[in-house]
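The values are calculated or read from the model by the stated rules, or taken from the named source; none is laboratory data. None of these values were measured; they are calculated from a predicted model. Neighbour counts are summed over all protein chains in view; Cβ atoms, including those assigned to glycine, are modelled from backbone coordinates with ideal geometry. Please note that ligands, DNA and RNA were not included when accessible areas were found on the heavy atoms of the full protein model with its side chains. Shrake-Rupley method; radii C 1.70, N 1.55, O 1.52, S 1.80 Å.
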Amino acid sequence: MKIQAIELRRISLPLVTPFRTSQFTEYERNLLIVALHTDIGVGWSECSADDEPVYWSEYQDGAVDVITKILGPALLRAGDITPALVEQILAPYKGHRTSKCALEAAVLDVWCRNAGISLSDHLGAVRTAVPVGVSVAIEDTVEQLLDRVDGYLQDGYARIKLKIEPGRDVEVVRAVRAHVGNDVMLEVEGNGAYSLADAQHRTRLDEFGLTLVEQPLAFDDLRAHAALAGMMRTPICLDESIVSLRAAADAIAMGACRVINVKPCRVGGYLESRRIHDLCLGNDIPVWCGGMLESGLGRAANLALAGLPGFTLPGDISATDRYFAEDVTRPFVLSGSTIELPTGPGLGVQPDMAALGRFTNWHRTIRPEGIDA
Ligand code: NPG
């Protein structure tokens, strides 16, 4: 297949409730949507780089810039390509994994659509539905948090992950565990807000029967995570630290984690995600699929990935209505505590062009002969 043009749109989806982590608060989800025009059809994806580089180094203006000036033109020049070639073509340009992931995902979508197979079959999914969890934002009061958790449990979510930060951790988790009982799968996520100096305090989380504690320390400190792992009974799961297959192999070899969150936009794509999955499967490391408040386009792709056999823990792939009143694709809904994998060719969902038009606030097309707005 040959890429003829790369269309970028910035969209802004209002969130049904603000999303607060130890690092940032979002009131709306601003995403970059990619429509890849090729000689075999159009492929869709999203780039989930945030407005500001607070989750990690990439941000939306940077993604627009690097796709427009460097990554997009490299693909347009490449001639005949396949999904597996995207990574090689973009390899000379360091970093920018979220942008690379968006381009690879759009290529995968159109490639699979054209071949008449679903992305989930292409990646090797073995399930038709996957158990999903919910990532619960930081709330002002414990009462508000408990209300929120009750609602999600009534919805049917298979696990609750609480965002924590220094000062809102042990006592909050104690209250939630006492409220929900011991049978609910409970996890916590620190988004790198802690240091080894407060490790003694953190070991107190061990008393709550947590399935895991996610990314407590800085993203670039595997050594400190390995040290913390030796002090805590609760398994450590890494998110921000796992930027590639190599980083995953290092983390496993150092004993820095016992669980890995695979987030395609953080590791440069769905094919690298599958390699990390394979590595983990071979090392008895459970994986689960992370989320970035995706629209239906990213959610569909993440569901396809989460169908692989090593994804044994519920992912951050909530139903659409947990985040948005309206999406740019058909909504994804819970069926019990699972969401069904889309089955149609490619992503298995189509953008609703009217909704996409309404949410779009900026538009650009990159062609071999130049850019038009
Ligand atoms: O369900 O999509 C989801 C959200 C999961 O908590 C979640 N994502 O820190 O990993 C994170 C967080 C995030 C959201 C990070 C948006 C960056 C942007």
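Remarks
- Pairing residues of region 1-25 that are over 27 Å from D352 (Cβ atoms) with residues that are part of a strand (DSSP E or B), at Cβ distances under 6 Å and at least 6 apart in sequence or on separate chains, gives T21/K163; S22/E165; T25/P18.
- Residues of region 194-207 classified as at pLDDT 95 or above and open to solvent by 30 Å² or more (accessible area, probe 1.4 Å), total: 1
- Condition broken by E294, with the remaining ones in (1) more than 16 Å from the ligand (Cβ to nearest atom); (2) charged (D, E, K, R); (3) on the phi < 0 side of the Ramachandran plot; (4) not in a helix (DSSP H, G or I) satisfied: (1)
- Residue list for region 307-335, filter: more than 12 Å from the ligand (Cβ to nearest atom) and under 16 Å from R127 (Cα atoms): G307, L308, P309, G310, F311, T312, L313, L334, S335
- Residue under evaluation L210, criteria (1) surrounded by fewer than 19 Cβ atoms within 10 Å (Cβ to Cβ); (2) over 20 Å from the mean Cα position of the chain (by Cα), criterion not met: (1)
- Against the test of being open to solvent by less than 20 Å² (accessible area, probe 1.4 Å) and more than 16 Å from the ligand (Cβ to nearest atom), the options L71, L13 yield a single qualifying residue, L71.
For every residue, the table says whether it meets (1) more than 30 Å from A224 (Cα to Cα); (2) within 13 Å of the chain's Cα centre (by Cα); (3) open to solvent by 10 Å² or more (accessible area, probe 1.4 Å); (4) free of Cβ contacts under 8 Å to residues at least 24 places away in the same chain.
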| residue | (1), (2), (3), (4) |
| --- | --- |
| E272 | no, no, yes, no |
| N283 | no, no, yes, no |
| V287 | no, yes, no, no |
| L293 | no, yes, yes, no |
| G307 | yes, no, no, no |
| T312 | no, no, yes, no |
| E326 | yes, no, yes, no |
| T338 | yes, no, yes, no |
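- A single entry from E46, E26 fulfils the requirement of being within 16 Å of the ligand (Cβ to nearest atom) and within 21 Å of F219 (Cβ to Cβ): E26.
- Boolean, I366 is β-branched (V, I, T) and in contact (Cβ under 8 Å) with a residue 40 or more places away in the chain: yes
- Residue in region 30-52 that is modelled with pLDDT of 95 or more, exposed (fewer than 15 other Cβ atoms within 10 Å of the Cβ) and aliphatic (A, V, I, L, M) present: yes
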